[in-house]
Amino acid sequence: MSNPNILKKKITITFIVVILLILFSGVLGWKLTQQIERSDKIIATVHTLKEAELQLRREEKNLLIRGYSQQRYLRWQNAKENFHQRFGKLIGMEALSENEINAIKADYSEMSSTYTNFFHEIKTGSLSQDKIISYDEQFKKVGRKTIDMINNILNREQELSNKTDWQANILIVIFIIIFVATTSFLIVNVIKHL
């Protein structure tokens, strides 16, 4: 029979290793879960930002095609406000780089001056067909840039989410392998010392 002190040391070390693995896995799992939740929230918010941008574009089209009315103007204002709320939410989530924030703000600044001119002309009824086409092209250009930027953000967040999912799966496999190896080591040593 082997020395019982050696068995005690092996069992103690094995339990310490298992406890440390559980603690390490718990902390790492918690961090990965936080990353996944953050990415999911950002992805959902980016989707709503994209919908808000498309709604804003629809309201612009309504004004261009059907002309000015207070009701259409209010719908456009609501769509614009919805877009800004979503944009602000993304900034608050720290989901955008400084370049992306500045680019969207620059688009908004460009769009604001275009809107000011557009609403002045549409209210006075002095919009020719050529001017309507020109405004539509300006709205399209800025809208497309914004949609492209939104799609880039969405793709980046989805890649990050997929990477985090992959890391979580690797962590689970590694934990199972180490847990099985440690448990096997413990069982073999106990049986040897019986």
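The values are calculated or read from the model by the stated rules, or taken from the named source; none is laboratory data. Predicted model only: the values in this text are computed from it and were never measured. Using ideal geometry, Cβ is built from the backbone for each residue, glycine included, and neighbour counts are taken over all protein chains shown.
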Q) Mind checking which residues of region 175-194 are within 15 Å of ILE11 (Cβ to Cβ), among the hydrophobic types (A, V, I, L, M, F, W, C) and either touching a helix residue (DSSP H, G or I) at 6+ places or on another chain (Cβ under 9 Å) or in a helix (DSSP H, G or I) (or both)? A) PHE185, LEU186, ILE187, VAL188, VAL190, ILE191
Q) Just to be sure, is GLU110 surrounded by 12 or more Cβ atoms within 10 Å (Cβ to Cβ), assigned to a helix (DSSP H, G or I) and either among the aliphatic types (A, V, I, L, M) or modelled with pLDDT under 85 (or both)? A) yes
Q) Within the set of pairs 6 or more residues apart or between chains, which connect a residue that is β-branched (Val, Ile, Thr) inside region 18-42 to a residue that is surrounded by fewer than 15 Cβ atoms within 10 Å (Cβ to Cβ) with Cβ atoms less than 6 Å apart? A) ILE42/MET93
Q | Residues of region 41-99 satisfying the condition of being part of a helix (DSSP H, G or I), polar (S, T, N, Q) and within 20 Å of SER109 (Cα to Cα) | A | GLN55, GLN77, ASN78, ASN82, GLN85, ASN99
Q) Out of the residues in region 72-117 that are of a type in the set (Asp, Glu) and without any contact (Cβ under 8 Å) to a residue 12 or more places away in the chain, which is nearest to ARG58 (Cα to Cα)? A) GLU81
Q | Leading residue by the ranking (surrounded by the most Cβ atoms within 10 Å (Cβ to Cβ)) among those in region 136-191 that are farther than 30 Å from GLU110 by Cα and of a type in the set (D, E, K, R) | A | ASP165
